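Step one of this worksheet: look at the structure below.
The values are calculated or read from the model by the stated rules, or taken from the named source; none is laboratory data. Everything quoted here is computed from the prediction, not taken from an experiment. Here the Cβ is made from the backbone with ideal geometry for all residues, glycine too, and neighbour counts use every protein chain on show.
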Ligand SMILES: Nc1ncnc2c1ncn2[C@@H]1O[C@H](COP(=O)(O)OP(=O)(O)O)[C@@H](O)[C@H]1O
Ligand SMILES: [Mg+2]
């Protein structure tokens, strides 16, 4: 447990639906170590996003315990969970969620401003993160001037600029073509290797699966298989 990033015990998640409840996660048990490159894989509606949201402290369990980066989320306040996200976690979404009036640089800089990093260090870290994702020539562009792949690379830079321990990515390739999907997966494999950043993907994209080193199959709110991949097809 020394390098445990996520530990989940007997997690149940119910949503109220029209006077009744819908059970989106049914007794989920899961443990993830630092540096893992893991996918939550399953059909639409199987509970992938719900599980990511619970891990990110964005949604709370109905039953069970969730420990993320040594913090038992049930025993933390809203502000403590926000601080955990701001300092130690990065988020990547299908729809990029970039601020349209900000440039690439300014979008990537935001997490560092929230973490009160001083301007010189901010500049260096933002430039480095943008270089990692290969967008140094677009540093002053706004999202409307970028392709989908470039937007997602900006979102990756924003997710990792503060060097988080854990990155959560919900269907990051869903809006991208094959070439761009492979490109962003290669970037994340490299970050995982060089910075030991742990990644958890929610996906049903076959292209992503070739890069994963662990595949957790979800169906109808349950883990039905947990598979270690010693030699991913792509990504070494
Ligand atoms: N806020 C909510 N209220 C009611 N039902 C929800 C809510 N969020 C998700 N669900 C339901 O929980 C199930 C799992 O959803 P989700 O985690 O989004 O699945 P996935 O990401 O695998 O497509 C779905 O049946 C969905 O309709
Ligand atoms: Mg989803």
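Residue 184 meets all of the listed conditions (1) in a helix (DSSP H, G or I); (2) at pLDDT 95 or above but one, namely (2).
Only one of 30, 69, 40, 51 is within 15 Å of residue 217 (Cβ to Cβ) and in contact with a helix residue (DSSP H, G or I) (Cβ under 6 Å, 6 or more places away or on another chain); which?
Details: 30 fails: in contact with a helix residue (DSSP H, G or I) (Cβ under 6 Å, 6 or more places away or on another chain); 69 fails: within 15 Å of residue 217 (Cβ to Cβ); 51 fails: in contact with a helix residue (DSSP H, G or I) (Cβ under 6 Å, 6 or more places away or on another chain).
Just a single option satisfies the conditions, and that option is 40.
Counting only strands (runs of 3 or more DSSP E) that sit wholly inside the range 3-109, those with at least 3 residues that are without any contact (Cβ under 8 Å) to a residue 40 or more places away in the chain are 4-17, 20-33. All of (1) assigned to a helix (DSSP H, G or I); (2) farther than 20 Å from residue 124 by Cα hold for residue 153 with one exception: (2).
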